[in-house]
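Please treat every number below as a calculation from the coordinates, not as lab data. Since we're looking at a predicted model, the values are computed, not measured. With ideal geometry, Cβ positions are generated from the backbone for all residues, glycine too; neighbour counts draw on all protein chains shown.
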Amino acid sequence: MDKKLMIGLAVAVVSLASFLGWYTFELNRFTKPVGGSSVTQTVEITPKTSSWFVAQRLNEKGLIRSAAFFWLYQKLTGSSLQAGIYYANASQTGKQILNTIATGRVSEYRVTIPEGWRTEQIGQRLADRSIVAYADFVAAAAGKEGMLFPDTYQISVKATSSDIVAIMTKNFDKRLKEAGIDRISQSDLTIASIVEREAKRDEDRPKMAGVYKNRLAVNMALEADPTVQYAVDSVKLKQAVNPLTVKFWGAVGGDQVKNVESPYNTYRRSGLPSGPISNPGITSIQAAINPEKHEFYFFFNLPDGSTIYSKTRDEHNANRRKYGI
């Protein structure tokens with residue numbers, strides 16, 4: 001046999017034996033806990049997180065002994081790491097930790113609630129993520145519209161609908177305090193919820209709030225489209241076989257404005273609607289509390305997000321003709 005071939009085979013045999021020895025050694029350690037600290041560590045995995053990065057993070061946190069073996073074992077077993085937030089501690093084996101992540105047994109959910117959503121939209125998102133049941137959340141949040149603060153939340157898998165509502169309303173109080181707001185009246189919160197749905201740009205929020213305050217001061221109907229949308233959507237929810245399929249905030253036409261009988265239809269009724277129509281962010285809340293003082297009573301939005309304001313209805317109608325609205 002060729003000498004070079006023999007040397008090559010010998011090297012291969014030695015390398016294979018070394019690898020198998022290392023693999024057997026690491027596999028034995030992988031099935032035993034690292035031990036030591038019993039402190040629970042949080043491990044977050046996003047859809048874009050690589051398995052090697054996860055292995056390194058687990059190793060840095062003292063949860064596994066070898067990042068290289070964790071990565072290799074995960075590849076060899078075909079385990080797919082599921083995105084989520086997990087709890088782990090050094091009393092678990094590396095194999096147990098991998099199995100937890102591969103099967104998606106998350107410890108916390110991360111969920112984002114956008115500004116301007118109504119309670120039922122939040123319920124839809126939570127149900128879609130299998131966090132809590134839609135009906136349970138809507139029932140728990142009854143009377144809390146406007147105070148379910150829009151934010152990104154980390155929610156324990158053990159949290160109930162009532163727990164989530166408490167977390168969101170507590171965050172509402174916290175964010176108001178951070179903004180230097182001691183309290184907000186129901187009327188201002190209602191205005192903020194309308195502004196949140198109307199405004200396309202932050203700089204317009206105080207001015208829009210000022211328009212609504214001006215109208216209220218002279219007992220003029222608010223004529224706010226979002227309130228009609230809220231009324232129409234509320235009817236759709238009552239009629240829906242499956243509330244999870246209901247779409248919200250669709251454009252409203254003239255017939256809907258005229259025909260929807262609801263305490264939220266601010267075209268047919270003067271004054272504020274019965275309560276908030278959405279859950280506003282802090283910028284809209286600040287605008288409602290400190291509206292811009294001016295003499296405008298009308299406005300409409302352009303497709304580019306800008307807003308045209310007018311002092312009289314004649315001026316308003318002329319501007320609508322000018323811009324083709």
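For trypsin sites (Lys or Arg not before Pro), the sites in the range 145-183 that DSSP calls loop and that have at most 16 other Cβ atoms within 10 Å are Lys158, Arg183.
Close amide H pairs (under 5 Å, H built 1.01 Å from N) link Gly116 with Asn279, Gly281, residues at least 5 positions away or on another chain. Taking the charge dipole of the range 41-150 about its Cα centre, with +1 at Lys and Arg Cβ atoms and -1 at Asp and Glu Cβ atoms, the residue from Ala55, Tyr134, Val43 reaching farthest to the positive side is Ala55.
Amide H contacts of Gln41 (H built 1.01 Å from N, in plane; Pro and chain starts excluded): Ala88, Asn89 sit under 5 Å, all sequence-distant by 5 or more or on other chains. Neighbour counting of Cβ atoms within 10 Å sorts the residues Ile325, Ile167, fewest neighbours leading, into Ile325, Ile167.
The value of relative contact order for the chain, using C-alpha pairs under 8 Å at least six residues apart, is 15 percent.
The residues Phe30, Phe149, Phe25, when put in order of fewest to most other Cβ atoms within 10 Å, stand as Phe25, Phe30, Phe149.
The structure shown yields Cα Rg over 2.2 N^0.38 Å, and of the options [x] 1.14; [y] 1.00; [z] 1.46 that calculated value carries the label [z]. Each of Ser310, Val260, Leu20 was placed along the dipole of the chain (beta-carbon charges, centred on the mean Cα), and the one lying farthest toward the positive end is Leu20.
Going from the fewest other Cβ atoms within 10 Å to the most, the residues Asp304, Asp128 appear in the order Asp304, Asp128. Packing around the peptides 310-320, 55-65, taken as the average count of other Cβ atoms within 10 Å per residue, puts them in this order, highest first: 55-65, 310-320. Among the GluC sites (Glu not before Pro) in the range 195-260, none is located in a DSSP loop while being surrounded by at most 14 other Cβ atoms within 10 Å of its own Cβ. Going by a ≥ b ≥ c, the root eigenvalues of the Cα gyration tensor, does the range 134-220 fall in the rounded group (a/c under 1.5), the prolate group (a/b larger than b/c) or the oblate group? Prolate.
Residues with beta-carbon under 10 Å from that of Thr42, excluding Thr42: net charge, scoring Lys, Arg +1 and Asp, Glu -1? Present the calculation step by step, with values, prior to reporting the outcome.
On the way: positive: Lys61; negative: Glu44, Glu108.
Charge balance near Thr42 sits at -1.
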